[in-house]
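For reference, the structure discussed in these notes is given below.
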Amino acid sequence: MTHQLPTLGYDYRALEPYIDARTMEIHYSKHHKTYVDKLNAALENHPALQKKTAVELVVNLNSLPDSIQGAVRNHGGGHVNHSFFWTILKKDVAFKGEIAEAIKKEFGSFDEFKKQFSEKANTLFGSGWAWLVVNRSKKLEIIQTQNQETPLRNGFTPILGIDVWEHAYYLKYQNKRAEYVDAFFNVIDWKKVNEYYVKAKN
């Protein structure tokens, strides 16, 4: 099968002023599309692998031919991570549900969770992601991944993630990653995060 850019599901302006429309347009239609195109190119001579989903490919990376492992890690991982990222972005969604209770239980308060999550996002060296995951013990955990590595490869289920590659924020925030991270908390779709959490813990 040919991997496709998923439907964004909302206008590029939907997250203004926290994430600007031009950044969203470039991020989605250029950066994410490049990951999809290069993943398809890597699989061009491997018809059996073309039948697998992007998640299946990145999770089972070590079973792939050595010649395409790097491309699948980078571009398949980029496709998987961004396909997830777009789904958890929405303005004005209340922090509530089972995920709210679980965060308060695990971290003590929302403010403490925000502090720890922001620290992971701000201290990641270079490019990558910060994630809230459900770990193998069904507990909430905040982790970092470099570049386009995905938590799925370590048996973690991501339920919230922030892209801290510069292409995610540089047009609006320049080098001020911390300002972008702080703004991100205004565009979290807690309803969707809650859905992911409920599914992951059961």
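What the table shows:
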quantity	calculated
Farthest toward positive dipole pole in the chain [+1 Lys/Arg, -1 Asp/Glu at C-beta], among SER109, ASN45, TYR169	SER109
Charge dipole magnitude, Cβ of K and R +1, D and E -1 - the stretch 20-88, Cα centre, debye nearest 20	40 debye
Separation of the ALA14 and ASN45 label points, Cα + 7 Å toward Cβ, nm	4.0 nm
Dimensions (Å) - the stretch 1-79, Cα atoms, principal axes, largest first	44, 20, 18
Share of Cα-Cα pairs in the stretch 98-201 lying beyond 16 Å, as whole percent	56 percent
Largest-first principal axis extents, alpha carbons of the chain, Å	50, 39, 31
Choice from ILE159, ILE99, ILE68 showing the highest fluctuation, given a GNM over the chain with Cα pairs closer than 10 Å	ILE68
Candidates ASN147, ASN62, ASN186: whichever shows maximal mean-square fluctuation once the chain is modelled as a Gaussian network with Cα springs under 10 Å	ASN62
Normalised contact order of the chain, rounded percent, pairs of Cα under 8 Å and 6 or more residues apart	24 percent
Residue-averaged [θ]222 nm for the chain, counting only DSSP H segments that reach four residues, each worth -39500 (n - 2.57)	-11500 deg cm²/dmol
Residues THR34, THR157, sorted so that the one with the fewest Cβ neighbours within 10 Å comes first	THR34, THR157
Cross-link pairs beyond the 22 Å C-alpha cut-off, checked among LYS33/LYS176; LYS30/LYS114; LYS105/LYS199; LYS139/LYS191; LYS38/LYS199	LYS33/LYS176; LYS30/LYS114; LYS38/LYS199
Spatial separation of Cα centroids for the stretch 175-202 and the stretch 98-114, in angstrom	13 Å
Spin-label pair ASP37/GLU141, simplified geometry with 7 Å Cα→Cβ offset, distance in nm	3.7 nm
Segment ASP92-LEU5, length gained on full extension (0.36 nm per residue, minus Cα span)	28.7 nm
Electrostatic dipole magnitude of the stretch 75-149 [Cβ: Lys, Arg +1; Asp, Glu -1; Cα centre; debye, to 20]	120 debye
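Each value in this text was obtained by applying a stated rule to the coordinates, not by laboratory testing. As the structure is a prediction and not an experimental result, all values here were calculated from the model. Note that each Cβ is placed from the backbone with ideal geometry, even for glycine, and that neighbours are counted across all protein chains shown.
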